[in-house]
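Accompanying notes for the structure given below.
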Amino acid sequence: MGLSKRGYAVRVALLYGGMFFVAGIHLPYLPAWLEWRGLPPESIALILALPPLVRTFFTPIFAAAADRFRDPRHVLVALGIAAGLAYASLVWANGFWVILAIIVFYAMVGPAMMPLAEVVALKGVKAGLDYGRMRTPGSLTFIGANIIGGYAIARAGPEAVPYLLALGSLALVAAAAAQGRLMDETASAAGEEQPARAGLLEGLGELARARAFWIFLVAASATGTSHALIYAFGTVHWLSQSISPATTGLLWAIGVIAEVVLFLFSRVVVERVGAVTLIVIGGTAAIVRWGLMAFDPPVAALFLLQALHGATFGAAHLGAMHFIARAIPERLGATAQGVYSATTGGIVMAAMFFLSGRLYGQLGGRAYLAMAVLGLIGAAAALLLSRVWNGRRLIEDTH
């Protein structure tokens, strides 16, 4: 018997919850743990830059495998177990090369889970579910992880970070395993012929021939990777300004709270604003957020600027998801998600992490000005996309 829409949404929300708890510890606090291990900014930047480069090659492979076999359960569970083992091994890791090897291994498996989760969610969107409401519990979990991580570091120091990551991975694996019955039951209930699945190279070739998809990737990548500096050195920089770990956790949380508010009303927002315009808004907000953050504003102003995360990430990501849902046929959904993830969180992010390390080491907080330039590029590319995309499928579906 098929699963109800509510049941579908609950399981997707649990999957997002597991992933975002891990991300809510990894993004803000892993750099602080690396610094605690005695690594300088240049080494931290290299450790953060290489994994996105690695995921550029591995994420599309796992995504295409999910497209090929239709049921992502086994891929999701295997990736989650491997990521959890990588995090657990950090407890005993010491030295630059050992830590780098572990993080690179994690990058081969962990990030590939996100595009697969987005595919599961977008199947629900096509069935009438609200993407934002399915993702909101994950965002709330991210906030909880930010706060928990901040207080854990305040009490136990940065050495608590790998333990939190490993525990979060256990919950993620359980949530990923639950998706198997969901997908199987949904497919069984549908009882309809599915479009033929393309292989990796064939699918990538079809996407590469779509000019508007390339413009979309530029817009999404520039806006998304403008967060590289804050992801790499936001916590480190705030702590260096004598901002407490607990306040640092709240600064991370406030941005996701703004994201949650947007996602709660995402269906109305997308209908009234449009997918591409949301990316334009994200790029424009990035210009303001990073441009002002470059001048080390007081804590009260930092909370306001962090609230712009609802636009710089939330609006841009929401627009990207709905662009893919509307412009790409379902048979290429995971492949398109993999390419999007591999660029915004892969090769371009790797370059920006590396650049961030160089700039932060020389300029400190002024390095945020470079991130403002990326926001400008993203907004300009999204405006171009609005002129060349007519709102229809970029690629025809085949059976």
| Which distance in nm do the two modelled labels at Leu85 and Ala246 give, with both placed 7 Å along the Cα-to-Cβ direction? | 4.0
| field | the stretch 74-152 and the stretch 226-290: distance between their alpha carbon centers, rounded to Å | value | 19
| request: Sticking with the crude label model, points 7 Å out along Cα→Cβ, report the distance from Ala177 to Phe265 in nm, one decimal please. | output: 4.1
| field | Isotropic mean projected area of the C-alpha convex hull, the chain (nm²) | value | 17.0
| Could you work out the helix-only [θ] at 222 nm for the chain, with each DSSP H run of four or more residues adding -39,500 (n - 2.57) and the total divided by the number of residues, to the nearest 500 deg cm²/dmol? | -26500 deg cm²/dmol
| said: Full-extension gain between Ser4 and Arg211, please, as 0.36 nm times their residue separation minus the C-alpha to C-alpha distance. | reply: 70.7 nm
| note | Computed on Cα atoms, Rg of the stretch 1-138 relative to 2.2 N^0.38 Å comes out at 1.17
| query | Rounded to the nearest 0.05, what FRET efficiency is calculated for Trp97 and Phe295 with R0 set to 41 Å and r the Cβ-Cβ distance? | reply | 0.65
| message | Please check: in the Gaussian network model of the chain (C-alpha springs, under 10 Å), which one of Gly157, Gly338, Gly168 has the largest mean-square fluctuation. | response | Gly157
| For the chain, built as a Gaussian network whose Cα springs stay under 10 Å, the top-fluctuating residue of Phe62, Phe353, Phe105 | Phe105
| task | State the three equivalent ellipsoid semi-axes of the stretch 239-302, derived from the C-alpha gyration tensor as the square roots of 5 times its eigenvalues, in descending order and whole Å. | result | 28, 16, 7
| field | Candidates Ala232, Ala45, Ala156: whichever shows maximal mean-square fluctuation once the chain is modelled as a Gaussian network with Cα springs under 10 Å | value | Ala156
| query | When the convex hull of the C-alpha atoms of the stretch 289-334 is computed, what volume per residue in Å³ does it have? | reply | 75
| Reciprocal of mean inverse Cα separation for the stretch 328-399 (Kirkwood radius, Å) | 14.9
| field | Relative pair counts by distance (%), Cα atoms of the stretch 257-399, 5 Å bins | value | 2, 10, 15, 19, 21, 15, 9, 5, 3, 1, 0, 0
| remark: With x for Gly and Pro, the residue-by-residue ³J(HN,Hα) of the stretch 355-363, computed from phi through the Karplus equation 6.51 cos²θ - 1.76 cosθ + 1.60 at θ = phi - 60° and given in whole Hz, is 5, 4, x, 5, 5, 5, x, 9, 10
| request: Would you mind getting me the FRET efficiency between Val288 and Leu170? Use the beta-carbon distance for r and R0 = 45 Å, nearest 0.05. | output: 0.70
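All of the numbers you see were taken from the coordinates with simple rules; none came from a lab. As the structure is a computational prediction, the values presented were derived from the model and not from experiment. Virtual Cβ from ideal backbone geometry, glycine too; neighbours counted across all protein chains shown.
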